[in-house]
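Student: The structure follows.
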Amino acid sequence: MTAAAAARPRPLSERVLPAVVALLALPPALMVLKGAIANPVTFARNLVEGVSLGGVYALVALGYTMVYGVLGLINFAHSDVFMVGAYAGIYAAAWFGVTATSAGQSSPGIALACFAAAMIACAVLGMFVERFAYRPVRNAPKLTPLVTAIGVSMLIQNVSMLVFSSTPRGFPPVIRSSTVSLGPVAVTNIKLMNLGAALALMVALTFLVQRTRVGRAMRAISTNLDAARLMGVHTDRVIAITFGLGSALAGAGGILFGLDQPKIDPLSGVQPGLKAFVAAVLGGIGNIPGAMLGGLLIGMVEQLASAYLSSSFAPAIVFSILVVVLLVRPQGLLGRVTREKV
Amino acid sequence: MLRKVVIIASVLAAIAGLQFVAGQALDPYVIRVLSVCGINVMLAVALNLVNGTTGQFSIGHAGFMAVGAYAGAFTSVALSHHLSDAYGPVILIAAALASMLAAGLTGVAVGVPSLRLRGDYLAIVTLGFGEIIRISIESTAAVGGSQGFPLGAESIPAYASLGWIWAAAFLGVLAVWNLTHSSYGRALAAIREDEIAAEAAGVPTTRYKVLAFAVSAMLAGLAGCMFAHDATGGQHIDPGAFRLDKSVDMLVMIIFGGLGSITGAIVGGIFVAVSLELLRSVQQYRLIVYAALLIGMMLWRPQGLLGSRELTLKGLLRLVPGRKTERGT
């Protein structure tokens, strides 16, 4: 079922490709190195900001990787669930009287309530999508669910345009921004909080997957869905829970992303969603620690590339990483090799 | 043989007639819609060769369209500095050849590494390449960056009138039709049905997949060239027109018409262009309708409207009530 790439070994290309990749990666790496030597403090700040951005990517990447782990499906709609999370945060904050223009009443309690609202809203949306769009096509040929996912993504985006309006909105300052010094390096508290929240959620997820019954059921399904069902696992329910969990993490990521952005609009989930997907592939799709590692790496690469090379070209570098990983090591950094069988 | 020549000649004559009528009698709005139809037909047939006939999955064809549009526009703007408007058709043909060459080479460059991957991995890598192409154009100042091409007061010469667009579409479809109905086409279908079996039966799968990909990219590039020169268009192109949405649009066309059916792709391309116009007053619902259509098709008719069957004159006549028909199948 897992159609991992590179079916047959191709000796020549396999020897040539890594060399070509190394050659292409050399000049940008040298430019970053030059910048780092010229100003180590700025470099350190960029690293911290990159890791913070990477934490958000990692949260979103976890949703992609968990769904791929249990169903072998690339959930294109995940990036839009992520965006809905940011909007849920905006509405929750407005309910508590915090809007983008009226700062002042923000408190940690309101921030937590926003997180809870976004995570619940996204979990419900994710489970709804699974039930009505993905479950009916679960056993169809592989491309049918993929096209369905593209359709769901389009649907969420365009319904959001109607419901939330397409005018970009500022995110309410549920957490007051201030500057924190880590030795000589000054970063905003939001960046540090993003990283902390992302790490806490990742620890919680790891506990859930490794130490609970539901987690064991998820791992069983990802190994073999039919065998898990024969052993008495309620596969439908566990798959729904997987979607709910992944979407809740995306919702939390949406708030963290929103706090860090000047404005968001119904399409602003697409680009970070794609980058988070790259992170999932880089770490090894279907592999939970891989998604975390991949997210952090992609965040750092993007931050360094936009700081030292070109901010408009940085996304292209992230997508080049995707292409290179799929060609050189399709199983990702931490993934297992699977072979396609007849 | 003679029959084929007659058919081709009569279609080309019909297109010439269309061009003449368009100049005399047609409303500019109708000409605009018909031009977009022609461009969509090329895009849909191009994507169908990869996604339908060969059973691969690309969602990065907007990238090839962009390469074709920029290569074509670059050529014609450069040539129009030296040649007068009287040479319009010559310039347009040169631009079309340049765009096909550039898009075809890009197709080979993208296809050779990525076609080693299958299914959803291939989809993602083509998506990645599509984005890389768009972002590269956007951050290249020489072609105008995000401002689009050409810069300043210049504009792309509007040589692609309705007749030229449909002539290009017809020749493109003809080429793809002949390809899929040759031994090459049977090899491509074998790859779609079972790649491992095809390889075992002696089909050099990689070479054929790259071939299909390159031809498809050339046709998408040609569509991009016509899009850039479209006499009813803006005489200006910018990278924003070649986002992921454009690739998804193409996907809607071929899924609506039926994966693997050339006539289906033509119907799908025209459907998307016409529905864009019909739903213009309810613009904000248009994409919702497409999305619902896409999901609905996947749930109830994943093979598309026509499946892999072709629409033929005989088949259409069979639908006419009261006619004596022999149902052979």
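Student: What single numbered condition from (1) in a loop (DSSP other than H, G, I, E, B); (2) surrounded by fewer than 15 Cβ atoms within 10 Å (Cβ to Cβ); (3) of a type in the set (Val, Ile, Thr) fails to hold for residue A:37?
Tutor: It fails just one condition, (1).
Student: Which residue, of B:34, B:83, is more than 14 Å from chain A (Cβ to nearest Cβ), surrounded by fewer than 21 Cβ atoms within 10 Å (Cβ to Cβ) and without any contact (Cβ under 8 Å) to a residue 60 or more places away in the chain?
Tutor: On the way: B:34 fails: without any contact (Cβ under 8 Å) to a residue 60 or more places away in the chain.
Answer to the check: B:83.
Student: Please give the number of the condition residue B:73 fails out of (1) closer than 23 Å to residue B:45 by Cβ; (2) buried (at least 18 other Cβ atoms within 10 Å of the Cβ); (3) within 14 Å of chain A (Cβ to nearest Cβ).
Tutor: Of (1) closer than 23 Å to residue B:45 by Cβ; (2) buried (at least 18 other Cβ atoms within 10 Å of the Cβ); (3) within 14 Å of chain A (Cβ to nearest Cβ), only one is false for residue B:73: (3).
Student: Out of A:254, A:246, A:232, A:215, report the one residue that is closer than 23 Å to residue A:82 by Cα, free of Cβ contacts under 8 Å to residues at least 24 places away in the same chain and either in contact with a Leu (Cβ under 8 Å, 6 or more places away or on another chain) or of a type outside the set (D, E, K, R) (or both).
Tutor: Numbers: A:254 fails: free of Cβ contacts under 8 Å to residues at least 24 places away in the same chain; A:246 fails: free of Cβ contacts under 8 Å to residues at least 24 places away in the same chain; A:232 fails: closer than 23 Å to residue A:82 by Cα.
The conditions single out A:215.
Student: On to the next question. Say we look at segment B:112-131 and pick out the residues that are among the hydroxyl-bearing types (Ser, Thr, Tyr) and touching a residue at least 12 places away in the same chain (Cβ under 8 Å); which of these is nearest to the other protein chains (Cβ to nearest Cβ)? Break it down stepwise before answering.
Tutor: Residues of segment B:112-131 among the hydroxyl-bearing types (Ser, Thr, Tyr): B:114, B:121, B:126.
Pick out the ones that are also touching a residue at least 12 places away in the same chain (Cβ under 8 Å) and you get B:114, B:126.
Numbers: B:114: 7, B:126: 10 Å.
Top of the filtered list is B:114.
Student: Identify, from the list A:62, A:53, A:47, the residue that is within 24 Å of residue A:131 (Cα to Cα), assigned to a helix (DSSP H, G or I) and not small (Gly, Ala, Ser). I'd like the intermediate steps shown before the answer.
Tutor: Working: A:53 fails: within 24 Å of residue A:131 (Cα to Cα); A:47 fails: within 24 Å of residue A:131 (Cα to Cα).
Selected residue: A:62, the only one of A:62, A:53, A:47 that is within 24 Å of residue A:131 (Cα to Cα), assigned to a helix (DSSP H, G or I) and not small (Gly, Ala, Ser).
Student: While we're here: Taking residue B:16 as meeting all but one of (1) crowded, with 16+ Cβ neighbours inside 10 Å; (2) on the phi < 0 side of the Ramachandran plot, write down the number of the exception.
Tutor: (1)
Student: Now for a different question. Please go through segment B:77-106 and pick out each residue that is over 18 Å from residue B:220 (Cα atoms) and either of a type in the set (A, V, I, L, M) or assigned to a helix (DSSP H, G or I) (or both).
Tutor: Matches in segment B:77-106: B:77, B:78, B:79, B:80, B:83, B:85, B:86, B:87, B:88, B:89, B:90, B:91.
Student: Now for a separate question. For segment B:158-244, give me every one of the helices (runs of 4 or more DSSP H) that falls completely inside it and has 1 or more residues that are farther than 17 Å from residue B:40 by Cβ and within 14 Å of another protein chain (Cβ to nearest Cβ). First the steps, then the outcome.
Tutor: On the way: elements: B:162-180, B:183-193, B:195-200, B:205-229.
Helices (runs of 4 or more DSSP H) meeting the threshold: B:183-193, B:195-200, B:205-229.
Student: Looking at the structure I just gave you, is residue B:109 under 16 Å from residue B:226 (Cβ atoms), more than 10 Å from chain A (Cβ to nearest Cβ), assigned to a helix (DSSP H, G or I) and modelled with pLDDT of 90 or more? Lay out the reasoning, then the answer.
Tutor: Working: under 16 Å from residue B:226 (Cβ atoms): no; more than 10 Å from chain A (Cβ to nearest Cβ): yes; assigned to a helix (DSSP H, G or I): yes; modelled with pLDDT of 90 or more: yes.
Answer is no for this residue.
Student: In the set B:66, B:73, B:86, which member is among the aliphatic types (A, V, I, L, M) and modelled with pLDDT of 95 or more?
Tutor: Numbers: B:73 fails: modelled with pLDDT of 95 or more; B:86 fails: modelled with pLDDT of 95 or more.
One residue alone meets the criteria, B:66.
Student: Regarding residue A:222, is this residue crowded, with 18+ Cβ neighbours inside 10 Å, farther than 22 Å from residue A:118 by Cα and either touching a residue at least 24 places away in the same chain (Cβ under 8 Å) or of a type in the set (S, T, N, Q) (or both)?
Tutor: Values: crowded, with 18+ Cβ neighbours inside 10 Å: yes; farther than 22 Å from residue A:118 by Cα: yes; either touching a residue at least 24 places away in the same chain (Cβ under 8 Å) or of a type in the set (S, T, N, Q) (or both): yes.
When the stated conditions are applied, residue A:222 passes them.
Student: Away from chain B (no Cβ under 14 Å), surrounded by 24 or more Cβ atoms within 10 Å (Cβ to Cβ) and not hydrophobic (A, V, I, L, M, F, W, C) - does that describe any residue in segment A:255-264?
Tutor: The answer is yes, given that some residue of segment A:255-264 is away from chain B (no Cβ under 14 Å), surrounded by 24 or more Cβ atoms within 10 Å (Cβ to Cβ) and not hydrophobic (A, V, I, L, M, F, W, C).
Student: Of everything in segment A:44-74 that's more than 14 Å from every other protein chain (Cβ to nearest Cβ) and of a type in the set (Val, Ile, Thr), which residue is farthest from residue A:143 (Cα to Cα)?
Tutor: Only one residue tops the list, namely A:48.
Student: So, in segment B:270-304, of the ones that are β-branched (Val, Ile, Thr) and surrounded by fewer than 17 Cβ atoms within 10 Å (Cβ to Cβ), which residue ends up modelled with the lowest pLDDT? Give the derivation first.
Tutor: Of segment B:270-304, the ones β-branched (Val, Ile, Thr) are B:270, B:272, B:274, B:282, B:288-289, B:295.
If we keep only those that are surrounded by fewer than 17 Cβ atoms within 10 Å (Cβ to Cβ) too, we end up with B:274, B:282, B:289.
Details: B:274: 90, B:282: 79, B:289: 85.
Looking at the filtered set, the residue picked out is B:282.
Student: If we keep just the residues of segment A:69-88 that are at pLDDT 90 or above and not hydrophobic (A, V, I, L, M, F, W, C), which is surrounded by the most Cβ atoms within 10 Å (Cβ to Cβ)?
Tutor: Once the filter is applied, the top-ranked residue is A:85.
Student: From the list B:268, B:264, pick out the single residue that is in contact (Cβ under 8 Å) with a residue 12 or more places away in the chain, in a helix (DSSP H, G or I) and more than 14 Å from chain A (Cβ to nearest Cβ). Spell out how you get there, then give the answer.
Tutor: Details: B:268 fails: more than 14 Å from chain A (Cβ to nearest Cβ).
After ruling out the rest, the residue left standing is B:264.
Student: Is it fair to say residue B:107 is within 20 Å of the chain's Cα centre (by Cα) and under 30 Å from residue B:261 (Cα atoms)?
Tutor: Details: within 20 Å of the chain's Cα centre (by Cα): yes; under 30 Å from residue B:261 (Cα atoms): yes.
Yes: the conditions hold for residue B:107.
Student: Return the only residue of A:244, A:269, A:251 being touching a Cys at 6+ places or on another chain (Cβ under 8 Å) and of a type in the set (Gly, Ala, Ser).
Tutor: Details: A:244 fails: touching a Cys at 6+ places or on another chain (Cβ under 8 Å); A:269 fails: touching a Cys at 6+ places or on another chain (Cβ under 8 Å).
One residue alone meets the criteria, A:251.
Student: Now for a separate question. Among the residues of segment A:186-196, is any surrounded by fewer than 16 Cβ atoms within 10 Å (Cβ to Cβ), touching a strand residue (DSSP E or B) at 6+ places or on another chain (Cβ under 6 Å) and either of a type in the set (Gly, Ala, Ser) or more than 20 Å from residue A:253 (Cα to Cα) (or both)?
Tutor: There is at least one residue in segment A:186-196 that is surrounded by fewer than 16 Cβ atoms within 10 Å (Cβ to Cβ), touching a strand residue (DSSP E or B) at 6+ places or on another chain (Cβ under 6 Å) and either of a type in the set (Gly, Ala, Ser) or more than 20 Å from residue A:253 (Cα to Cα) (or both).
Student: Moving on. Being among the β-branched types (Val, Ile, Thr) and under 22 Å from residue B:96 (Cβ atoms) is the filter here; which residues of segment B:49-64 pass it? Reasoning before the result, please.
Tutor: Our first condition is that a residue be among the β-branched types (Val, Ile, Thr); within segment B:49-64, this holds for B:50, B:53-54, B:59.
Within segment B:49-64, B:50 is the sole residue that qualifies.
Student: In addition: State all residues of segment B:128-157 that are of a type in the set (D, E, K, R) and not in a helix (DSSP H, G or I); if no residue qualifies, say none.
Tutor: Within segment B:128-157, B:154 is the sole residue that qualifies.
Student: How many residues does segment A:191-212 hold that are among the aliphatic types (A, V, I, L, M) and without any contact (Cβ under 8 Å) to a residue 12 or more places away in the chain?
Tutor: To start, the set of residues in segment A:191-212 that are among the aliphatic types (A, V, I, L, M) comprises A:192-193, A:195, A:197-205, A:208-209.
Applying the additional criterion that residues be without any contact (Cβ under 8 Å) to a residue 12 or more places away in the chain yields A:200, A:203-204.
Residues in segment A:191-212 being among the aliphatic types (A, V, I, L, M) and without any contact (Cβ under 8 Å) to a residue 12 or more places away in the chain: 3 in total.
Student: So residue B:305 clears everything in (1) touching a Leu at 6+ places or on another chain (Cβ under 9 Å); (2) closer than 29 Å to residue B:111 by Cβ; (3) of a type outside the set (Val, Ile, Thr) except one condition, right? Which one?
Tutor: Only one criterion in (1) touching a Leu at 6+ places or on another chain (Cβ under 9 Å); (2) closer than 29 Å to residue B:111 by Cβ; (3) of a type outside the set (Val, Ile, Thr) is unmet by residue B:305, namely (1).
Student: While we're on this one: Quick check on my filter: what residues within segment A:197-219 are over 25 Å from residue A:254 (Cα atoms) and buried (at least 19 other Cβ atoms within 10 Å of the Cβ)?
Tutor: A:217
Student: Another one. Working only within segment B:206-246, note down all residues that are of a type in the set (S, T, N, Q) and either at pLDDT below 90 or surrounded by fewer than 24 Cβ atoms within 10 Å (Cβ to Cβ) (or both).
Tutor: Residues of segment B:206-246 that are of a type in the set (S, T, N, Q), as a first pass: B:206, B:216, B:232, B:235.
Passing the criteria: B:206, B:232, B:235.
Student: How many residues does segment A:132-184 contain that are outside any helix (DSSP H, G or I), closer than 30 Å to residue A:115 by Cβ and within 14 Å of chain B (Cβ to nearest Cβ)? Let's see the steps before the verdict.
Tutor: The initial filter retains those residues of segment A:132-184 that are outside any helix (DSSP H, G or I), namely A:138-142, A:165-184.
Going one step further and asking which of them are closer than 30 Å to residue A:115 by Cβ, we end up with A:165-183.
This time we only want the ones that are within 14 Å of chain B (Cβ to nearest Cβ), so: A:165-167.
Total meeting the criteria: 3.
The values are calculated or read from the model by the stated rules, or taken from the named source; none is laboratory data. Just so it is clear, the model here is predicted, and its values are computed rather than measured. No Cβ is skipped: glycine too gets one built from the backbone with ideal geometry, and neighbour counts run over all protein chains shown.
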